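Peer 1: For reference, the structure I am asking about is given below.
Throughout, read-outs are computed from the coordinates displayed, never taken from laboratory work. As the structure is a computational prediction, the values presented were derived from the model and not from experiment.
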Amino acid sequence: RQRRHMPNLMSRVLFGLALVLAFSGRASAQEAYPSRPITLIVSYAAGGPSDSIARLLGESMSTTLGQQIVIENVAGAGGTTGAARAAKSEANGYTLLIHHVALAAGATLYPKLAYDTLNDFEGIGLVNSGPFVLTAKKGLEVSDIKGAIEYIRTNKDKVTMGNAGVGSGSHLCNMLIQSTLGVKVSEVAYRGTGPAMNDLVGGQIDMLCDQSTNAMSQIQGGTIKAFAVTSTTRMDQLKDLPTMQEAGLPGFEVTQWHALYVPKGTPKPVIDKLHAALEKAFTDQKILARFADFGTVLFPAEARGPAATKAKLASEVDKWGKAIKAAGFEPK
Ligand code: MLT
């Protein structure tokens, strides 16, 4: 009778040992995280606003984590190509995604997405929030927002507005301008507003509604014209510019907000480590000074962690779902 129980007992002991080894292996793998370079996917071209924010964070977080953070610009389809790449990557903390309002808008604009916007990502943290500025090439013979609105109305068949693809922040801003004014203009799609801004400065396109992050230095350098901001209040850095609402566009508001994500299934200790490194970046004086230059702000410290990120994404999916339908924009 005793002998019959022996193999059973032995196998239980061995099974227990295997479990202990497996768990301690997993724990030490997580303790060791990160043990190799991390990729941070930016869904737009290098040199643009998302890229600028990513590079600043990447530098600071790589110092904290003791591993290089390599920026990979995976542009295309309004920012959904990069998001798809991140969603499909291994959930081990070695692939991060920085994304913005377009991650939310894409859920409505692209019915055949290769990922589930609300369920395929875990939030690490909310990064920054700031307005867009409606700008134009220097040669456009318009000097203020009233003139710009009039110009768009009367030249709707020839005016060109840049964007970073359907669903990008610049595209959403253009969409609201057109639906509010009841016109349809020609939009020129780029892989990001970095190259779109180059073309605006070069005079190849007429207008661009871009994040202050990317537009500020050009406005201050006098290489482009600026007409209005898309926030509900004026910006300290561009006090002379009215808001779109002041300019007579009722309810007009577009805010950019970046957040950091990892694929769903990433272990909690890894998320916690990344979140702590992100929070550390927010104490970096270099980052705070650059954000101030860009006219972009941090989210409140008590409401920018992993849970707040998921909640913000869900509320923005809802907000832009309604706004896109109200604007009468047809999903592709
Ligand atoms: C970019 O980095 O190019 C932007 O974030 C694009 C946009 O959303 O307009």
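Peer 1: For region 212-251, which semi-axes, largest first and in whole Å, follow from the square roots of 5 times the eigenvalues of its Cα gyration tensor?
Peer 2: Sorted largest first and rounded, they come to 19, 10, 8 Å.
Peer 1: Where does the chain land at 222 nm, in deg cm²/dmol rounded to the nearest 500, when only DSSP H runs of n ≥ 4 count, each adding -39500 (n - 2.57), divided by all residues?
Peer 2: Counting only the DSSP helices, I get -14500 deg cm²/dmol.
Peer 1: Helix 169-181 versus the longest principal axis of the chain: what is the Cα-based angle in degrees, 0 to 90, to the nearest 10?
Peer 2: Long axis of 169-181 versus the principal axis of the chain: about 40 degrees.
Peer 1: What are the extents of the Cα atoms of the chain along their three principal axes, listed from largest to smallest and rounded to whole Å?
Peer 2: Principal extents (Cα only, largest first): 97, 42, 32 Å.
Peer 1: Hey, any idea what Rg/Rh is for region 48-99, computing Rh the Kirkwood way over Cα pairs?
Peer 2: Dividing the radius of gyration by the Kirkwood radius yields 0.97.
Peer 1: Next question. Mind pulling up the Rg/Rh value for region 166-307? Radius of gyration and Kirkwood radius, both on Cα.
Peer 2: Expressed as Rg/Rh, it is 1.01.
Peer 1: Return an integer: the convex hull volume of the alpha-carbon atoms of region 222-275, in Å³ per residue.
Peer 2: 164 Å³
Peer 1: Let me ask something additional. For a test of understanding, tell me how many lysine pairs in region 123-241 have Cα atoms under 16 Å apart, given they are 8 or more places apart or on different chains.
Peer 2: For region 123-241, qualifying lysine pairs total 8.
Peer 1: Hey, how many Å between the Cα centroid of region 97-142 and the Cα centroid of region 197-262?
Peer 2: So the two Cα centres are separated by 15 Å.
Peer 1: What shape does region 189-264 take by its C-alpha gyration tensor, where a ≥ b ≥ c are the square roots of the eigenvalues and a/c under 1.5 counts as rounded, a/b above b/c as prolate, and the rest as oblate?
Peer 2: Judged from the Cα gyration tensor, region 189-264 comes out oblate (a/c at least 1.5, b/c at or above a/b).
Peer 1: Considering the Cα trace of region 256-309, what is its radius of gyration and what is Dmax, both in angstroms?
Peer 2: When restricted to Cα atoms, region 256-309 yields Rg and Dmax of 12.3, 36 Å.
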